[in-house]
1. Give me the distance in nm between label points sitting 7 Å out from Cα along the Cα-to-Cβ direction at residue 39 and residue 117, one decimal.
2. Could you check the spin-label model distance between residue 135 and residue 74? Points 7 Å from the Cα along Cα→Cβ, value in nm.
3. Using bins 10 angstrom wide from zero, how does P(r) for the range 94-232 break down, in % of all Cα pairs?
4. Could you sort 190-203, 120-133 so that the peptide with the highest average Cβ count within 10 Å comes first and the rest follow in order?
5. If you average the C-alpha positions of the range 142-158 and of the range 159-191 separately, how far apart do those two centres end up, in angstrom?
6. Using a 7 Å offset from the Cα along the Cα-to-Cβ direction at both residue 201 and residue 32, what is the distance between the two label points in nm, to one decimal?
7. Can you tell me which of 52-58, 108-114, 36-42 comes out highest on packing, and rank the rest after it, using the mean Cβ neighbours within 10 Å?
8. Starting from 0.36 nm per residue, how many nanometres of slack lie between residue 104 and residue 143 once their C-alpha separation is accounted for?
């Protein structure tokens, strides 16, 4: 990445536009790791909070992804590049209840399609994530469990084999992870995992109606927990 002289009115927006332009022009390639936060702060002459806001927005829409060793441009992305206004909406104006409402609409339909269309490889991929989640529960490693939890839902969405619908879930992966991490202090992971087991079994049995019922019950339970939690707040 080249050094960029930023205007002082909207720094995170300019970083978003700059990274998008670098990708479109082939100066940053799919699968390439971005410089570290510290390096980008020096490149752009801004503080870490500005860099983090821009990167978070790009993560949430699926242009970038985090790995253990850094932040990478995704190898593939089937969505349109967005304007800074879109990123601000994603970053600042999505509530947990809005997110769950969207998930109910999308995921309940997707899991029904998955029960009908999942290939043997899809079923194996879902099973492998189930095994990883169970290991994280036994280790009480709930922060990493959250990532597997979200990937479980994304893998189910992908196994529906409807690129338009599944992309809507894939695009908000980072937002889902952030949302799930906010619930870590609540004793809900064992109950959630029971729903995951029921959902997987229904998919494996090719029972679309049962899979949809379990997915709906799972998401409604989380929504009720949020409602109860908000009632307890002063």
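Read-outs: derived from the displayed coordinates by stated rules, not from any lab. Bear in mind that the values here come from a model prediction, so they are computed numbers and not experimental data. Every residue, glycine among them, receives a Cβ derived from its backbone with ideal geometry; neighbour counts consider all protein chains shown.
1. Label at residue 39, label at residue 117, 3.9 nm between them.
2. Using points 7 Å along Cα→Cβ, the separation is 2.5 nm.
3. Result returned by the calculation: 12, 46, 35, 6, 0.
4. The densest-packed peptide leads the list: 190-203, 120-133.
5. 6 Å
6. 4.9 nm
7. Packing proxy ranking, top to bottom: 108-114, 52-58, 36-42.
8. Values: separation 39, 0.36 × 39 = 14.04 nm, distance 2.37 nm.
That works out to 11.7 nm of additional length.
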